[in-house]
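The values are calculated or read from the model by the stated rules, or taken from the named source; none is laboratory data. What you see is a predicted model, and the numbers here were worked out from it, not measured in a lab. Positions of Cβ are backbone-derived with ideal geometry, glycine not excepted, and every protein chain shown enters the neighbour counts.
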Amino acid sequence: MRRKVVLAVLLAGITLAGLIAWLTTSLRTPGSDAPPSRPEVVSATQAVAETNHESGSKEPQPASAAFSHSPPSNPPAASGSISEADAILVRLNSTDRETRKAALEDATQLEDRSIVPRLREIADRTEDPAEKAEILAAIEFINLPSVTEYLKSQQAQKASGQAGTPAGPTDR
C-alpha cells in the first residue's frame, strides 16, 4: 500500500513537471527574449524640439525659451514640475487613445491647475463624447480644493459664523 502511494505521488510530480516545461516552451513567443515595450513617452526636450521645428527655427532654442517669460499664475504642484505638465499635454495630443488615456490619468495625479485651460481646449477639440466626458471629469477633479484649502475655508467660515456652506475651489 505504501509503495502505491509513493509511486502515485512520484508519477504526479513527474507529470506536473513535464506539463510545466511543455507550457513554458509552447507559450513562449519568438520575440519574448526582447524586453517588454513601453508606451511612447515624450520628454519635455522632445516637445521643445518639435515646437522649434514647427516654428521654422533652424537653431535649437533652450528649453526656457519655449515657455512664456511671465511667472506662472498657478505654481505647479509640489510633486510636479512644468516639464511634467508639458510632457503630459504633448501625450494628450497623441493619436493613440491608450496614450491619451494614460496621459489624462497622469494629469489627474499631477493635480496642477495650470494645465486646466489646455485641458479645456483639448476637450473642445475632442469629438468622442466619452473621451470628452473623461477630460471634463479630470478637470473637475483637478479643480477640487485640497485638504488644506478645505480646512482653511472651514476655519474661516467658523470664524465668520457661516457654518454649513460648502467651500468652492481656490488657487493652491
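Can you spot a residue in the stretch 67-88 that is of a type in the set (A, V, I, L, M, F, W, C), over 17 Å from Ile142 (Cα atoms) and modelled with pLDDT under 80?
Checked against the condition, which is being of a type in the set (A, V, I, L, M, F, W, C), over 17 Å from Ile142 (Cα atoms) and modelled with pLDDT under 80, the stretch 67-88 yields at least one hit.
Kindly list, by first and then second residue, each pair from a residue in the stretch 117-146 that is on the phi > 0 side of the Ramachandran plot and outside any helix (DSSP H, G or I) to a residue that is exposed (fewer than 15 other Cβ atoms within 10 Å of the Cβ) and among the β-branched types (Val, Ile, Thr), limited to pairs with Cβ atoms under 9 Å and residues at least 6 apart or on different chains.
Once the first residue is on the phi > 0 side of the Ramachandran plot and outside any helix (DSSP H, G or I) and sits in the stretch 117-146, no partner that is exposed (fewer than 15 other Cβ atoms within 10 Å of the Cβ) and among the β-branched types (Val, Ile, Thr) comes close enough.
Among the residues of the stretch 13-26, count how many are at pLDDT below 90 and either in contact with an Asp or Glu (Cβ under 6 Å, 6 or more places away or on another chain) or aliphatic (A, V, I, L, M) (or both).
So the count comes out to 6.
Take the residues in the stretch 118-156 that are polar (S, T, N, Q) and over 19 Å from Glu98 (Cβ atoms); name whichever of them is surrounded by the most Cβ atoms within 10 Å (Cβ to Cβ).
Among residues in the stretch 118-156 that are polar (S, T, N, Q) and over 19 Å from Glu98 (Cβ atoms), the one surrounded by the most Cβ atoms within 10 Å (Cβ to Cβ) is Ser153.
If a residue must be closer than 27 Å to Glu149 by Cα and in a helix (DSSP H, G or I), how many such residues does the stretch 84-116 contain?
Within the stretch 84-116, residues that are closer than 27 Å to Glu149 by Cα and in a helix (DSSP H, G or I) number 17.
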